[in-house]
Structures are given as C-alpha cells and as structure tokens.
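None of the figures in this text is laboratory data; all of them are computed from the coordinates on show. The model shown is predicted, which means the values in this text are computed figures rather than measured ones. Cβ sites come from the backbone with ideal geometry, for glycine too, and all protein chains shown count toward neighbours.
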Amino acid sequence: MIHDIEPRIFDNNFKNKTAEPKDLFLSYEGDTVLVREEKDKLWYPSFSDFEAEYPQLIDGAQFLFTIDDINYYLIEEKGLDSVEGWTYVTTGRFRTEPKYWRSFAGAVGLQLNRWYDNHRFCSKCGKTVKRSEKERMLYCEACGFQTYPVISPCVIVAVHDGDRLLLTKYAGREYTRYALVAGFAEIGESLEQAVRREVKEEVGLDVKNIRFYKSQPWPFTDTILAGFYAELDGDDTITIQEDELALGIWMKREDIPPEELKISLTGEMMEAFRTGNAGGIYDLE
Ligand SMILES: [Zn+2]
C-alpha cells in the first residue's frame, strides 16, 4: 500500500526546524505538484535548486515531515515552473508511481497543504490564525481557539459469500475500476456499525462475522481507512443505492481482475481475496 515504504522510515513528528539548502520542498498549484521535468519519476526540488532565482524561498518554508534523513518542507510560492527544468504535474501521478515513498511524500504534503490553505482564519472568531512552533497546530491569539488536522474515519468492506466477493463501481466518478463497499463513519457510530450500515445502504445486504483486516492513511481524502472482511448473512440479492453506485455484483474469486499496483487498501483486499492470502480472515469453505 502507498504508506508501506519500508525500509524507508516516514517520521511525521513535528519539528520547528529552519530549512537548509539541501532540504526538499513541495510546491502545489491546485491539483499539481512541482517536479523535475526530464525525470519520469516524482523528483522533488531542493532549496538549492532554486537558490539563484528564488533566494527567499527558504525563509517562509513550513516543515512537514522526514523520510529517512530527508526533510520535506511546504512552500506557498506559485509559478516556480518559470525556472528552467521544472514543471507542475498532476497529483494523479501519486496513484501510479511505483516508488511509494515518493508518491506518499507528495500525497501527505498535499493533505497538509490543503489543511494550511483551508485554515487561514479562526473558525470561531474569524481572526487570522498563527502556526504553532511546538506542534502541528494553528491557534488564534484573539480567542485562544486551536485547530489540528482533521482525519475522518472511513470503512472499506469486502463482503464475501463462499468464493464470491461483492464488487462495486462508483456512480459519477472518473474512477471506473472495481471497488468495495466504502463509507464514512457517522457521529456516534462504531466502525462495526458503520460496516453494517454502509453495506445495507449501498447494496441492501446483511453481514455477519465482521473481521478487521488492516488500516491505511489515505491522504487524498483526509481519511483513515479501516478495512473489514464481512460474510453475507442471508439473502444474496443486491439492491444498489443508485446515487452512490453504478454497479454491484458478486464475482467468483477466479474472475477477479489481478491488481498490479496495490496502492490502496481496497486493491490489497481484493487481491488478498483473489489469491487466498487474507491471513485466514475469511473461510472459503
Ligand atoms: Zn479566534
């Protein structure tokens, strides 16, 4: 999965650290990120790459995180593709890059960029907020309100019945590959209750033997995904929720298309079912 970057180590401990020329930075413009033009991988710039044209860039940089001994910073300046050799490419590349540590760095940076960008003012009194020097937190000097990055819990459910897996396709989205039942946990609800509710809402089925598989941070939507396998309980007639799904079908494991890039938890769970490697979580008998 995209966050599985071993042997590299992602360290998101906040540091109030001044950037140095060798440190890397992430620059976003909408849904694009600045990378080296001639590289087909996501090659992020260092401050020294921009020292000549943008000597002040380093001063306003916000520390983000570290991967091994490489520090990543966020900068707000736009239009840096004016410097020869650098270009903005779609962040969709984060979903296709086989070197997960590069795409994960870019995706987490994008999430933090979105957070800083969407929280410029205090949501309680409307004054401009300041960045804490001690932790990843924004605060309001006028009223004392503090705000931290918000992460929403979401469940992914692999509903199975013997050797059949329930696959879906989303309605009205660009993403047209097979997916699993998925949805946000609501206020006042446990993850297990969210599993039952989402399965009932999206495909009209009841489930039993709900078993947790793995979780995954999913920076693209500010979510933490919790993956579950759940067994069909009773009638197998699928009734799809048409505003959410375009398709809901039972597919035999041998017919499930192989997943090459297992970037998402959904992809890994489908592949684990297909190959029978879900750690004994489901029983095919
Ligand atoms: Zn305030």
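Over region 10-118, the fraction of Cα-Cα pairs per 5 Å bin, rounded to whole percents and listed from the shortest bin up, is 2, 12, 26, 27, 22, 10, 2. In straight-distance terms, cross-link reach from Lys169 covers every one of the lysines whose alpha-carbon lies under 25 Å from its own, apart from those fewer than eight places away in the same chain; here that gives Lys200, Lys208, Lys214, Lys252, Lys262.
The Rg/Rh ratio of region 157-285, with both radii computed over alpha carbons and Rh defined as the Kirkwood radius, is 0.92. A simple spin-label model places pseudo-atoms 7 Å from Cα toward Cβ; at Asp117 and Ser132 they are separated by 2.4 nm.
For region 155-250, the Cβ-based charge dipole about the Cα centre amounts to some 360 debye (Lys, Arg positive; Asp, Glu negative; other atoms uncharged). Segment Glu141..Asp40, full-extension length gain: 31.9 nm, with 0.36 nm per residue of separation and the alpha-carbon distance subtracted. Of Val150, Val33, the sequence from fewest to most neighbouring Cβ atoms within 10 angstrom is Val150, Val33.
Between Lys22 and Glu201, the distance separating the two model label sites (each 7 Å from Cα on the Cα→Cβ line) works out to 5.0 nm. The label-point distance for Asn12 and Ile187, in a model that sets each label 7 Å from Cα toward Cβ, rounds to 2.4 nm.
In the frame of its principal axes, the chain has Cα extents of 66, 48, 34 Å, reported largest first. Overall, the chain carries a charge dipole of about 660 debye about its Cα centre when +1 sits on the Cβ of Lys and Arg and -1 on the Cβ of Asp and Glu, all other atoms neutral. Taking Cα atoms only, the orientation of helix 265-275 departs from the longest principal axis of the chain by about 40 degrees. In region 171-245, a dipole from Cβ-located charges (positive for Lys and Arg, negative for Asp and Glu) runs towards its positive end, and of Ala182, Pro217, Gly204 it is Pro217 whose Cα lies farthest in that direction. Fewest neighbouring Cβ atoms within 10 Å first, the residues Asp81, Asp69 line up as Asp69, Asp81.
Taking every pair of alpha-carbon atoms in region 181-245, what share in percent sits in each 10 Å bin, from 0 to the bin with the longest distance? It works out to 20, 50, 28, 2, in whole percents.
Coordinate range of the alpha-carbon atoms in region 79-179 per principal axis, descending: 59, 43, 28 Å.
With a Förster radius of 41 Å applied to the C-beta separation of Glu260 and Tyr54, the computed FRET efficiency comes to 0.60.
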